[in-house]
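Just so it is clear, none of the values below were taken in a lab; they were calculated from the coordinates. Just so it is clear, the structure is predicted and the values come from calculations on it, not from any experiment. Reconstructed Cβ throughout: ideal geometry from the backbone, glycine too, with neighbour counts over all protein chains shown.
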Amino acid sequence: MFFGLIQQSATPQLSPQEQQALTQLADIQLPPAVSPWPPSPLLAAIVIIAIAAIVLSAVLWWRKRRVNAYRRRALRAYLELREQQSDLNTAQVISELNVLLKRTCYSALPTTRKFVSNLHGEPWYEFLQGALPAGDSCSSADIKLWSELEYGPNRSENLNALFNFSRHWILRHDSKRLREFCKPKGGAN
């Protein structure tokens, strides 16, 4: 009996007007999906900052690459000299290494030309050492090796040490220290 009451109340009798109104009802209209454009101000700021950081990084990388182009040219010349080492005697190799390092100085800082072109012997080797970063200087034995090899016997292991030092110097010298080393000493009138 109880089920009979529930069934009767579950299906109410509708009048013809109510049935007509019910057939005219449309389904619920959902709003359109939220568009990703225009972005929120926070997202726009993040995108702008990211693009600016990428552009700045690219500009700094390009500038550093352009500034260090002379090092790449010097390393190519170094490798060519290294290949020709067997065709040259010790004095020619040392002379070519000196020319290469002086050209590297000129390219790094063109104002050093007058100062560096007059250097030879011990002052030149001290200049090379002075141009390396503070914690990266060569030993006095390396400097002595340059002068000994110019007039000493042809020893390939010593030449290899000079080649290694030259490569190290090309890669690691500091242009700011070159500039400081080339400043006139004392007061100029």
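Under the 0.36 nm per residue contour assumption, what length would be gained going from the current alpha-carbon distance of Ala45 and Asp27 to full extension?
Once the chain is fully extended between Ala45 and Asp27, it gains 2.4 nm.
Using each residue's phi in the stretch 123-135, evaluate 6.51 cos²θ - 1.76 cosθ + 1.60 at θ = phi - 60° and report the 3J(HN,Hα) Karplus result to the nearest Hz, with x for Gly and Pro.
Each residue of the stretch 123-135 in turn: x, 5, 5, 5, 4, 4, 5, x, 7, 7, x, 3, x Hz.
Taking 7 Å along the Cα-to-C-beta vector as the label spot, tell me the Ser95-Arg82 distance in nanometres, rounded to one decimal.
2.4
Report the gain in length on full extension from Leu171 to Val34: 0.36 nm times residue separation, minus Cα-Cα distance, nm rounded to one decimal. Let's see the in-between values first.
Numbers: separation 137, 0.36 × 137 = 49.32 nm, distance 5.61 nm.
Stretched out fully, the Leu171 to Val34 stretch lengthens by 43.7 nm.
Once phi is turned into ³J(HN,Hα) by the Karplus curve 6.51 cos²θ - 1.76 cosθ + 1.60 with θ = phi - 60°, what whole-Hz value does each residue of the stretch 61-78 show in order, with x for glycine and proline?
4, 5, 5, 5, 4, 5, 5, 8, 4, 5, 5, 5, 5, 5, 5, 5, 5, 4
Could you calculate the contour length gain from Asp136 to Asn160, that is, 0.36 nm times the residue separation minus the distance between their Cα atoms, to one decimal place in nm? Please report the intermediate quantities before stating the final value.
On the way: separation 24, 0.36 × 24 = 8.64 nm, distance 1.91 nm.
Full-extension gain reported as 6.7 nm.
Based on the Cβ-Cβ distance of Tyr106 and Arg65, what FRET efficiency does E = 1/(1 + (r/R0)^6) give at R0 = 22 Å, to the nearest 0.05? Can you show the working numbers first?
On the way: r = 20 Å, r/R0 = 0.91.
After rounding, the FRET efficiency stands at 0.65.
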